[in-house]
Amino acid sequence: MRKFISYTRVSTAKQGLGLEAQTATIESYVRNANGTIIASYSEKESGKETINRHQLQLAISHAKKEGAILIVAKLDRLSRDIIDIFTLKKDTNLTFEVCDIDASDTMTLGIFSTLAQKERELISKRTKEALAARKAEGVKLGNPNASETLRRFNHLGAEKRKAAADQSDANRHAYAAIKFLQGSLRAKADYLNDNGFLTPKGKSFTPMQVSRLLQRYGA
């Protein structure tokens, strides 16, 4: 009997294919495949930041450890980024299946990956346009506590700054997003910047900062 690790995701409480619907779809798929679900992972996170999602990383690691198949209801629940999807596809230690498409067929996977990424880009475009409209109306945007957070960070000692950097969600998420990527430090920095990742100080990533990320988290 084939073993499956279930992964479900929504970005908002009002999303069309909710967690319960995804779970039901996956359970039906696994039954028809004469398989068994040995573990399930779920989270409410945006599809923009993809491979860095904590529960997804746990699901991937668990699937590899158990020799199980990672299963999602729809491809965009796994990722909306074509690079991330094909990075997982090329991972010889991982197999994933999608309930509504044949993920083993490269052409099919490529088409649906492209569609998922296009939808992410459209969502990003609509969000930016909405924020620009609100800014034009005089609405103050951004985190009002950002300046105070930065001031406190800059007053930490060297050891405390290092510890803070090690524990930084921004750093850990950025590292998780690039640890499977191939290419130069510049290419990885460009990938992070193109996908909206920021350093703990709210800046764009440089190749040197990418190098430090890789050294910090053991890549």
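The values are calculated or read from the model by the stated rules, or taken from the named source; none is laboratory data. A quick note: this is a predicted structure, and the numbers were derived from the prediction, not measured. What goes into the accessible areas is simple: the full protein's heavy atoms, side chains included, and nothing from ligands, DNA or RNA. Shrake-Rupley method; radii C 1.70, N 1.55, O 1.52, S 1.80 Å.
The table for this structure:
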{"quantity": "Accessible-area ranking of Met1, Met107, Met208, largest first, probe 1.4 Å", "calculated": "Met1, Met107, Met208"}
{"quantity": "Across Lys44/Lys90; Lys44/Lys203; Lys64/Lys188; Lys44/Lys201; Lys64/Lys90; Lys44/Lys188, pairs whose alpha-carbon gap is larger than 18 Å", "calculated": "Lys44/Lys90; Lys44/Lys203; Lys64/Lys188; Lys44/Lys201; Lys44/Lys188"}
